[in-house]
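The values are calculated or read from the model by the stated rules, or taken from the named source; none is laboratory data. What you are looking at is a predicted structure, and each value in this text was computed from that prediction instead of being measured. Cβ coordinates were reconstructed from backbone atoms using ideal geometry, including for glycine residues, and neighbour counts include every protein chain displayed. Surface accessibility is based on the protein's heavy atoms, side chains included, excluding ligands, DNA and RNA. Shrake-Rupley method; radii C 1.70, N 1.55, O 1.52, S 1.80 Å.
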Amino acid sequence: MKRDISVSTGAYDGYAMPDILASMHRLGIKKVELAFIKGYVNEFTDADLNVGYAQELVGLMDSLGQQCPTFSGHINLGDDTALSQFEVRARFAAELGAKRLITNAATRETAARFFQLAPEMAAIAKAHDIIVCLENPGDRVDNILNSAKDIQPLLSRLGSDAFGINYDVGNLISHCPDLDPVEDTRLALPYSAHLHIKDAYYRNHVYHFCALGEGAIAFDTLLPHIAEDFSALSFSLELPFRLQRNDDAKPYKKPDLLTMPEIEDDLATSIAYLNKTMNLKE
């Protein structure tokens, strides 16, 4: 099976989607992970995630030879309005042609409500022919999916193939700073349906996101392992260059936009590093 590798639009926070997709086209990116995550990317409302906008985005991508296999629309699935938010995102993902919807699971505090709603969410996902990929967070709020040890109990309790795991190695640095992110991700790989690959480092009481290979994560060890032993596992490069986290892992944005050349340079560096480290064809 040919590996499915996408690049997230999250790298371009602050730019309009036509400009983002055109930039990705210049970089030769054909698979796009469209990211609509409140507080992390451009402002939007659930009303914006409608059929007309999905069709507009599909038209733009078609014109550039691109497609969207994965949609990133994180919410807390235990919130009071989680079901309606989830249904909006599942429908939008399907309209985009995506097969995976990435979202957080639930905080420990809201877990009971999530497990109550999970069967209905599974039915919605199946109706839209998508897999819900639950992601480990980075904000240090206790979650039902903090690290790899939580995966098996969570999937067993859900008991539905509508749910899978999107493991994010870059989130571990801030969420579980006492864990080795590479070793924990190795434990998660056999149970993961998808991965987020992002690099980060901690300096002067701030977590910084950076080009792949320039942070604190030993991707020179992890990526060859994925290449050799998990040849069909899909993943996305999720590189939120504008985002930072403070000392207690709460996210915030740099006040100024990165320039388009800066973003493109860091993405090109990341793609080149990925190709070299995994021995992928350029």
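Numbers below:
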read-out: Centre separation in Å (Cα based) which lies between the range 22-97 and the range 203-271; value: 20
read-out: Rough spin-label spacing in nm, given labels placed 7 Å along Cα→Cβ, for Thr221 and Ala123; value: 4.7
read-out: Rel. contact order, % - alpha carbon contacts under 8 angstrom, at least six apart, the range 123-282; value: 20
read-out: Violating pairs (Cα-Cα greater than 32 angstrom) within the set Lys198/Lys281; Lys126/Lys281; Lys38/Lys99; Lys99/Lys250; Lys99/Lys253; value: Lys126/Lys281
read-out: Length released on extending from Glu109 to Lys254, taking residue separation times 0.36 nm less the Cα-Cα span; value: 49.2 nm
read-out: Whole-Hz couplings from phi, Karplus 6.51/-1.76/1.60, listed for the range 31-48; x for Gly and Pro; value: 10, 10, 9, 6, 10, 10, 10, 4, x, 10, 10, 3, 5, 7, 10, 4, 4, 6
read-out: Percentage relative contact order, the chain, counting C-alpha pairs under 8 Å, at least six apart; value: 18
read-out: Long-range amide H partners of Val7 with built H, under 5 Å; value: Lys31, Val32, Glu33, Leu237
read-out: Distance histogram for the chain (every C-alpha pair counted, 5 angstrom bins, percent rounded to whole numbers); value: 1, 6, 13, 18, 20, 19, 14, 8, 2, 0
read-out: The range 172-280 shape via C-alpha gyration tensor axes, a/c threshold 1.5; value: oblate
read-out: The range 159-166 - phi-based ³J(HN,Hα) in whole Hz, Karplus 6.51/-1.76/1.60, Gly and Pro as x; value: x, 9, 6, 6, 10, x, 10, 10
read-out: Residue-normalised accessible area of the range 84-173, expressed per residue, 1.4 Å probe, Å²; value: 38
read-out: 3J(HN,Hα) from dihedral phi, the range 119-130, Karplus parametrisation 6.51/-1.76/1.60, rounded to Hz, x for glycine, proline; value: x, 5, 5, 4, 5, 4, 4, 5, 5, 9, 6, 10
read-out: Candidate aspartates and glutamates - alpha carbon under 12 Å from Lys276, same-chain residues fewer than 8 apart omitted; value: Asp220
read-out: Computed E for Lys30/Asn204 - FRET, C-beta separation, R0 30 angstrom, nearest 0.05; value: 0.20
read-out: P(r) histogram, all alpha-carbon pairs of the range 85-213 included - 5 Å bins from 0, percent; value: 2, 11, 20, 22, 18, 14, 8, 4, 1, 0
read-out: Asn143 long-range amide H proximity, modeled H, under 5 Å; value: Arg108
read-out: Protection-proxy order for peptides 31-41, 46-56, each taking the mean of Cβ atoms within 10 Å per residue, highest first; value: 31-41, 46-56
read-out: DSSP beta bridges in the chain [antiparallel fraction, %, rounded to 5]; value: 30
read-out: Gain on full stretching of the segment that runs from Asp229 to Met278 - 0.36 nm per residue minus C-alpha separation; value: 16.5 nm
read-out: With every protein chain in place, the chain: carbon and sulfur % of accessible area (1.4 Å); value: 51
read-out: Ranked by how many other beta carbons lie within 10 Å on average, peptides 226-238, 88-100 from highest; value: 88-100, 226-238
read-out: Packing rank of 190-203, 161-174, where each peptide gets the mean count of other beta carbons within 10 Å, highest leading; value: 161-174, 190-203
read-out: The range 1-123 - convex hull of the alpha-carbon atoms, volume per residue in Å³; value: 119
read-out: Rounded to 5, the percent of DSSP beta bridges in the range 104-262 classed as antiparallel; value: 50
read-out: Straight-distance crosslink candidates among aspartates and glutamates, where the alpha carbon sits under 13 Å from Lys31 and sequence neighbours closer than 8 are dropped; value: Asp4, Asp62, Glu238
